[in-house]
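**Student:** Below: one structure in structure tokens.
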Amino acid sequence: MAGGGVALLRDRLDHVFHTPGEVRDELKVPLLGHIPYISFFEGVRRDKRFLLKDLDAQQSGIAGYQRFTYQEAFRNLYTSLRFLNSDRPVKSVAVSSSVPSEGKSLLIVLLAKTLSELGKRVLLVDADLRQPQVHHRLGLNNLSGLSNLLTEEGADWRSLLQTVPDHESWQVLTAGRRVPDPPRLLSSERMGHLVTEIAESGVYDLILYDTPPALGLADASLLAENLDGMLLVVGLNKVDRQLPAQAIERIKSAGAPLLGIVTNARIDAGGKSGIYGYAKYGYGSYTDGATALDPSTAYNYYSAAESVPSSSPGGLAAIIPNRQNIKRWKKSLNNWLN
């Protein structure tokens, strides 16, 4: 009875999403992708850093695993976007979240980077005129940008583009100088013409717009009215369950097209096994429904096929109480308790 009471109390006090499957089932919105936890990006927003060269140097070991993981996750997301509409391809997309710090700006930068590495022509527009982050992530200057195009006569958007170093097919339009009333500019006729002109130029395969959070601010919904749609990022183990639902309701009431949601893991769920729990046998796929969205299983399969045999001991060596076995027993016990 005491155990049941504790479990019930814990469930009542638990107000966050833990798996992509929970998000999909509760919000009833298409789940287009899941971004697993990557330790390399811990503290990126706080430190205002993003070192592309360091990221590109990740080739082997746990660093290689992390690189493979985020690349495949974003390739899957792009595939989902491509197949959303067979009649008219999705070309211009806004990315938003319910509240700050759900990983929205980092996610949009990594999506643009991954697509540029696939040879796609990508334009990343920082439409967060309140607290822009993109130029910090990429080490670019923010002297002139989107706000200048919307406030100055005769400005040409092509002249303000910056090409990301070592990524010739990836260009960025930063936010520009701060303005007193961002919603007025983002909902202006000039903004609508700019969005249409960029999309119809035929220069880019995908145009991504980084926007402020959808709750409490009208910026994202106002901008999305002129785009092909919007993606809503949901941070796992981060945001209260009610907030994404409220954000979706707000987006739909504003008439903005919501394409779907992308879940973003905010904490480490246990090494390479990630969201799976019993990763070796894939049992997690029967409970959280996220196996198809996380590349960890494929990575573990192919890396195991290429190289190292299993490190688990056999025979008498498996029952000797040494440090390795004790660590393995603890992990098995934790899996069983979960």
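**Student:** Yes or no: residue 184 surrounded by fewer than 18 Cβ atoms within 10 Å (Cβ to Cβ), basic (Lys, Arg) and touching a residue at least 12 places away in the same chain (Cβ under 8 Å)?
**Tutor:** The answer is no for residue 184.
**Student:** When you check residue 203 against the structure, is it surrounded by 22 or more Cβ atoms within 10 Å (Cβ to Cβ) and under 23 Å from residue 82 (Cα atoms), yes or no?
**Tutor:** No.
**Student:** Collect the residues in the range 187-200 that are crowded, with 19+ Cβ neighbours inside 10 Å and part of a loop (DSSP other than H, G, I, E, B), keeping them in residue-number order.
**Tutor:** none
**Student:** Further, regarding this structure: Go through the range 93-113 and give me each residue that's surrounded by fewer than 21 Cβ atoms within 10 Å (Cβ to Cβ) and among the hydroxyl-bearing types (Ser, Thr, Tyr).
**Tutor:** The answer is 101, and nothing else.
**Student:** Residue 67 fails exactly one of the following numbered conditions: (1) crowded, with 21+ Cβ neighbours inside 10 Å; (2) at negative phi; (3) out of contact with any helix residue (DSSP H, G or I) (no Cβ under 7 Å at 6 or more places or on another chain). What is the number of that condition?
**Tutor:** (1)
**Student:** Taking the range 210-233, which residues are surrounded by fewer than 22 Cβ atoms within 10 Å (Cβ to Cβ), of a type in the set (Gly, Ala, Ser) and touching a residue at least 60 places away in the same chain (Cβ under 8 Å)?
**Tutor:** Once the filter is applied, which keeps residues that are surrounded by fewer than 22 Cβ atoms within 10 Å (Cβ to Cβ), of a type in the set (Gly, Ala, Ser) and touching a residue at least 60 places away in the same chain (Cβ under 8 Å), the range 210-233 yields only 229.
**Student:** Further question on the same structure: Looking at the range 152-167, which of its residues are under 14 Å from residue 142 (Cα atoms) and small (Gly, Ala, Ser)?
**Tutor:** Listed by number, the list holds a single entry, 159.
**Student:** Take the residues in the range 128-167 that are of a type in the set (Asp, Glu) and touching a residue at least 60 places away in the same chain (Cβ under 8 Å); name whichever of them is surrounded by the fewest Cβ atoms within 10 Å (Cβ to Cβ).
**Tutor:** Here is the first cut: in the range 128-167, the residues of a type in the set (Asp, Glu) are 128, 152-153, 156, 166.
Imposing the further condition that a residue be touching a residue at least 60 places away in the same chain (Cβ under 8 Å) reduces the set to 128, 166.
Values: 128: 23, 166: 10.
Step by step, filter the range 128-167, then rank; the result is 166.
**Student:** Quickly run through the range 114-127 and pick out the residues that are surrounded by fewer than 17 Cβ atoms within 10 Å (Cβ to Cβ), within 18 Å of residue 210 (Cα to Cα) and modelled with pLDDT under 95.
**Tutor:** Of the range 114-127, the ones surrounded by fewer than 17 Cβ atoms within 10 Å (Cβ to Cβ) are 117-121.
Those still in the list that are within 18 Å of residue 210 (Cα to Cα) too: 121.
Correct list: empty.
**Student:** Residue 184 passes all but one of (1) touching a Leu at 6+ places or on another chain (Cβ under 8 Å); (2) under 18 Å from residue 223 (Cβ atoms); (3) assigned to a helix (DSSP H, G or I); which number fails?
**Tutor:** Result: residue 184 passes all but (1).
**Student:** Could you grab me the full set of residues in the range 76-89 that are crowded, with 20+ Cβ neighbours inside 10 Å and either of a type in the set (S, T, N, Q) or within 20 Å of residue 223 (Cα to Cα) (or both)?
**Tutor:** Hit for the range 76-89 is 81, nothing else.
**Student:** Considering only the range 234-255, how many residues are touching a residue at least 60 places away in the same chain (Cβ under 8 Å) and part of a loop (DSSP other than H, G, I, E, B)?
**Tutor:** Residues in the range 234-255 being touching a residue at least 60 places away in the same chain (Cβ under 8 Å) and part of a loop (DSSP other than H, G, I, E, B): 4 in total.
**Student:** Something else: Could you tell me which numbered condition residue 156 fails, if it satisfies all but one of (1) more than 27 Å from residue 74 (Cα to Cα); (2) in contact with a helix residue (DSSP H, G or I) (Cβ under 7 Å, 6 or more places away or on another chain)?
**Tutor:** Of the numbered conditions (1) more than 27 Å from residue 74 (Cα to Cα); (2) in contact with a helix residue (DSSP H, G or I) (Cβ under 7 Å, 6 or more places away or on another chain), the odd one out for residue 156 is (2).
The values are calculated or read from the model by the stated rules, or taken from the named source; none is laboratory data. Quantities reported herein were computed from a predicted structural model and do not represent experimental measurements. Heads up, the Cβs are rebuilt from the backbone with ideal geometry, glycines too, and the neighbour counts pull from every protein chain shown.
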